[in-house]
Amino acid sequence: MAAEYPCAFTGHTPLAALACIRDATTMNELADSHVHLDDPRFDPDRDSLIRDARRHGICEQIVPATRRRDWPRVEQLARQSGIHAAYGLHPLFLANHCPEDIAALQAWLLERPGQAVAVGEIGLDFHAPDSDRETQQWYFRQQLQLAAQLELPVIVHARKAMDEVIAQLRRQPGLRGVIHAFAGSRQQADQLLGLGFHLGIGGTVSYPRAQRLRGIVQSMPVERILLETDAPDQPVAGYQGQRNLPVRLLNVLQSVADLRCTSTTALARQTLDNTCSLFRLPVRPGVEAPSPFTAD
Ligand SMILES: [Zn+2]
């Protein structure tokens, strides 16, 4: 049994945390619901980073592809045990997409029954003032429809476009999925939870200034939390400006556990179950079957 940690939120004995994370979580099994292992920034040391993640208990990793040309690379990676592929067309790469990619995505998914765990990464990103919102909306809508048709969950990127994302999701009732790296308001969180969606919680939660997000993470239903790194992006506190690493999921785990005054062991277990349920991951030997997914 790993030790219960003092609660950082209530101010009891803040932990000299990072040095302890390694020991406390060695025996935990946990899931990274969003990690771009195919990113070229991992080319020099990908295998050793994956091994390091496994050594630290990160037993499941979801890798969402962002462009058609990356699908084969992600498929290749997902041949390794514990790595699962999602395929999609990301809103930030409009210049790489063409409308025929939607039919190609459908064919790709149909040719690989049971291999893709989700449609993603898809979504809307209105951060850039010159973003082509209409074209983004078109690709997003097409891919939501495809996910509904194939009964796959979606992995959604939403930046400066949360209300538009929610409006699109409402038009596809029954769709399941996750809003990755959630950074919206409490009201938006409530709407997404009401739609049955999960919220992906990443490195941002480790920054004390992320008050709004930390408040939501404290009080939202634990069954709807997925942990993620988004590595090599979104470094955790203390590592700003550096390449984010798969193993830093442990820092996210610790931050969320502190905020919720729970143990890393319990939270690792619960969020692993949440990830396995949403993406219908095969049950691993020695691991209990996750509780069935409930949409309400
Ligand atoms: Zn991503």
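The values are calculated or read from the model by the stated rules, or taken from the named source; none is laboratory data. Being a predicted model, the structure only gives us computed values, none of them experimental. Cβ coordinates were reconstructed from backbone atoms using ideal geometry, including for glycine residues, and neighbour counts include every protein chain displayed.
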Pull out all pairs, ordered by first then second residue, where Cβ-Cβ is under 8 Å, the residues are six or more apart or on different chains, the first lies in segment 145-158 and is within 17 Å of Pro113 (Cβ to Cβ) and modelled with pLDDT of 95 or more, and the second is within 16 Å of the ligand (Cβ to nearest atom) and assigned to a loop (DSSP other than H, G, I, E, B).
Ala147/Pro153
Checking the structure you have, find out if any residue of segment 45-63 is assigned to a loop (DSSP other than H, G, I, E, B), crowded, with 22+ Cβ neighbours inside 10 Å, in contact (Cβ under 8 Å) with a residue 24 or more places away in the chain and within 16 Å of the ligand (Cβ to nearest atom).
no
Quick check on segment 94-105. Is at least one of its residues under 14 Å from the mean Cα position of the chain (by Cα) and of a type outside the set (S, T, N, Q)?
no
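Kindly indicate which of Leu152, Leu144 is buried (at least 21 other Cβ atoms within 10 Å of the Cβ) and assigned to a loop (DSSP other than H, G, I, E, B).
Working: Leu144 fails: assigned to a loop (DSSP other than H, G, I, E, B).
From the options Leu152, Leu144, the qualifying one is Leu152.
For segment 115-133, give me the residue count where each residue is farther than 15 Å from Met162 by Cβ, touching a residue at least 24 places away in the same chain (Cβ under 8 Å) and away from the ligand (no atom under 13 Å from the Cβ).
5
Quick check: anything in segment 86-93 part of a helix (DSSP H, G or I), touching a His at 6+ places or on another chain (Cβ under 7 Å), at pLDDT 95 or above and farther than 19 Å from Cys276 by Cβ? Even if it seems obvious, please write down each step before you answer.
Narrowing segment 86-93 to residues part of a helix (DSSP H, G or I): 91-93.
When the remaining residues are screened for being touching a His at 6+ places or on another chain (Cβ under 7 Å), the result is 91.
Next cut, at pLDDT 95 or above only: 91.
Filter once more, keeping what is farther than 19 Å from Cys276 by Cβ: 91.
Taking every residue of segment 86-93 in turn, at least one turns out to be part of a helix (DSSP H, G or I), touching a His at 6+ places or on another chain (Cβ under 7 Å), at pLDDT 95 or above and farther than 19 Å from Cys276 by Cβ.
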So which residues in segment 33-44 are within 16 Å of the ligand (Cβ to nearest atom) and either buried (at least 17 other Cβ atoms within 10 Å of the Cβ) or part of a loop (DSSP other than H, G, I, E, B) (or both)?
Ser33, His34, Val35, His36, Leu37, Asp38, Asp39, Phe42
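Table: residues versus (1) within 16 Å of the chain's Cα centre (by Cα); (2) farther than 22 Å from Pro64 by Cβ; (3) not β-branched (Val, Ile, Thr).
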| position | (1), (2), (3) |
| --- | --- |
| Gln143 | no, no, yes |
| Leu150 | no, no, yes |
| Gln168 | no, no, yes |
| Leu175 | no, no, yes |
| Arg186 | no, yes, yes |
| Gln191 | no, yes, yes |
| Ile201 | yes, no, no |
| Pro208 | no, yes, yes |
